[in-house]
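**Q** Pasting a structure here, questions to come.
Derivation of every value follows stated rules applied to the coordinates shown; laboratory data play no part. What you see is a predicted model; the values in this text were computed from it and never measured. Note: ideal-geometry Cβ built from the backbone for every residue, glycine included; neighbour counts use all protein chains shown.
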Amino acid sequence: MTINLADYESGARYHGDYSADLAIIQDRLERILTAYIVHGRRAVIMLEGWDAAGKDGIIERLTSGWSQGHYEVYPIGAPSAQEAAHHFLWRFRTRLPGPGQIVIFDRSWYGRVLVEKVEALSSPEDLEASYGEINTFETGLAEDDITLVKIFLHITQEEQDKRLRARIKDPWKRWKTGINDFKNRSHRAGYLEAMAVMFARTDTEAGPWFAIDGDNKKAARIAALEIIADRLEAAVPMDPPALDPEIAVLAQNVLGIDVSNLDQ
């Protein structure tokens, strides 16, 4: 069953206590990262979506309680000369997480079948082959026990224009908007067509897509964090680690802690 982005355009407000609910999900995410560290698990979180859709805001709140050194965020733009000399998946393979690490891609390998397709930067033959190569890549992640979370953040043209106007008016946010934002906006119909094919061809068991209505930022942030938490949590034991016996002795002798009943 493919994704129809028209189903994600209600822009419904978040019904609940946003600050309290955000704190709850962030606390949960902090425990999840600890579980990935303790058990040496690996994960890749990938966010795609329109310009000004709110990916940065989601990443900021996702990582706010995470320990430095156990996650990495990679903003993905046009490939460098070195990257362009390799297969389009090379720059992602070289950035996969190690044990106990989570990697976040702000945009991803799907630029191949979105930007390169709409802008006609690759041949039709290469683009056709890319869908199978992407599916094979994502299946390989699953086979290597790397949890993959694929999120697409959708916003309407009206909401995108509203956010672009706000950025231009705010001198401290103008750096977020470039010529490509307006270029991509003019090709919205082409992108919608390319996205429909992308969902149909790459929404697989190994790499299912999760689309989010992004017109309301608060609702979108909570929805994205809950999807990420659910996917990550399902792939790792969530029992807290037992206290190391040597640490227990030190804690009792040095800190005066009675460790006999700590884990009961």
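**Q** For GLN82 and VAL38, calculate 0.36 nm times their separation in residues minus their Cα-Cα distance, and state this gained length in nm to one decimal. Don't jump to the answer; show the numbers that get you there.
**A** On the way: separation 44, 0.36 × 44 = 15.84 nm, distance 3.53 nm.
In short, 12.3 nm is gained.
**Q** Just want to confirm a number: the relative contact order over the chain, from Cα pairs under 8 angstrom separated by 6+ residues, in percent. Can you show the working numbers first?
**A** Details: 328 pairs, mean separation 86.0, N = 264.
Value for the chain: 33 percent.
**Q** When a/c is below 1.5 the answer is rounded, else prolate if a/b is larger than b/c, else oblate, so apply that to the range 98-203 with a ≥ b ≥ c taken from the square roots of the Cα gyration tensor eigenvalues.
**A** Values: a/c = 2.43, a/b = 1.43, b/c = 1.70.
Taking the square roots of the gyration eigenvalues as a ≥ b ≥ c, the range 98-203 is oblate.
**Q** Provide the per-residue ³J(HN,Hα) series for the range 90-99, in order, calculated from phi with Karplus coefficients 6.51, -1.76, 1.60 and θ = phi - 60°, each as a whole number of Hz, with x at glycine and proline positions.
**A** So the Karplus estimates, Gly and Pro as x, are 4, 5, 8, 4, 6, 10, 5, x, x, x Hz.
**Q** Near the amide H of TYR71, under 5 Å away, which other amide H atoms are found, from residues 5 or more places off or on another chain, if H is placed in the peptide plane?
**A** ILE102
**Q** Let me ask something else. With θ set to phi - 60°, apply the Karplus curve 6.51 cos²θ - 1.76 cosθ + 1.60 along the range 234-245 and write out the HN-Hα couplings as whole Hz, x wherever there is a Gly or Pro.
**A** 5, 10, 8, x, 9, 6, x, x, 6, 6, 4, x
**Q** Taking amide H atoms as placed 1.01 Å from N in the peptide plane, list the residues 5 or more away in sequence, or in a different chain, whose amide H sits under 5 Å from that of LEU148.
**A** For LEU148, whose amide H was placed from the backbone, the distant partners under 5 Å are VAL44.
**Q** Something else now. In terms of the Cα gyration tensor, with a ≥ b ≥ c the square roots of its eigenvalues, is the range 38-169 rounded because a/c is under 1.5, prolate because a/b exceeds b/c, or oblate?
**A** Working: a/c = 1.95, a/b = 1.07, b/c = 1.82.
Cα axes put the range 38-169 in the oblate bin.
**Q** Measure off 7 Å from each Cα along the Cα-to-Cβ vector at VAL249 and ALA200, then give the distance between these two points in nanometres to one decimal.
**A** For the pair VAL249/ALA200, the computed spacing is 6.7 nm.
**Q** Now a separate question. For the chain, what does the helix formula give at 222 nm: sum of -39500 (n - 2.57) over DSSP H segments with n ≥ 4, over the residue count, nearest 500 deg cm²/dmol?
**A** Values: 11 runs with 127 residues, N = 264.
Using -39500 (n - 2.57) per qualifying helix, the result is -15000 deg cm²/dmol.
**Q** Return the Rg/Rh ratio of the range 5-255 with Cα-based radii and a Kirkwood Rh. Could you put the intermediate results ahead of the total?
**A** On the way: Rg = 19.8 Å, Rh = 19.7 Å.
A ratio of 1.01.
**Q** So who's got an amide H within less than 5 Å of the one on GLY49, skipping anything under 5 residues away but keeping other chains? H placed 1.01 Å off N, in plane.
**A** Amide H to amide H, under 5 Å and 5 or more residues apart or across chains, GLY49 pairs with LEU153.
**Q** Calculate, for VAL73 and TYR14, the FRET efficiency according to 1/(1 + (r/R0)^6) with r their C-beta to C-beta distance and R0 30 Å; round to the nearest 0.05.
**A** Between VAL73 and TYR14 the formula returns 0.80.
**Q** Got a sec to turn the phi values of the range 38-48 into Karplus ³J(HN,Hα) couplings, 6.51 cos²θ - 1.76 cosθ + 1.60 with θ = phi - 60°, whole Hz, x for Gly and Pro?
**A** Values, residue by residue: 4, 9, x, 7, 10, 8, 10, 10, 10, 10, 10 Hz.
**Q** Multiply the residue gap between SER123 and LYS218 by 0.36 nm, knock off their C-alpha separation, and tell me the result in nm, one decimal place.
**A** Working: separation 95, 0.36 × 95 = 34.20 nm, distance 3.96 nm.
That works out to 30.2 nm of additional length.
**Q** Let me ask you something else. With a point put 7 Å past each Cα toward its Cβ, work out how far ARG174 is from THR2 in nm, to one decimal.
**A** 4.1
**Q** Alpha carbon centre of the range 45-123 versus the range 4-31: separation in Å?
**A** With the range 45-123 and the range 4-31 each reduced to a Cα centre, they are spaced 22 Å.
**Q** Next question. Suppose R0 equals 45 Å; then what is the FRET efficiency for THR136 and VAL259 from their Cβ-Cβ distance, rounded to the nearest 0.05?
**A** Values: r = 49 Å, r/R0 = 1.10.
Plugging the Cβ-Cβ distance into 1/(1 + (r/R0)^6) gives 0.35.
**Q** What do you get for trypsin sites (Lys or Arg not before Pro) in the range 118-202 restricted to DSSP loop and a cutoff of at most 16 other Cβ within 10 Å of the site's Cβ? Before the final figure, lay out the partial values.
**A** Details: sites: LYS150, LYS162, ARG163, ARG165, ARG167, LYS169, LYS173, ARG174, LYS176, LYS183, ARG185, ARG188, ARG201; in loops: LYS173.
Sparse-neighbourhood loop trypsin sites (Lys or Arg not before Pro): LYS173.
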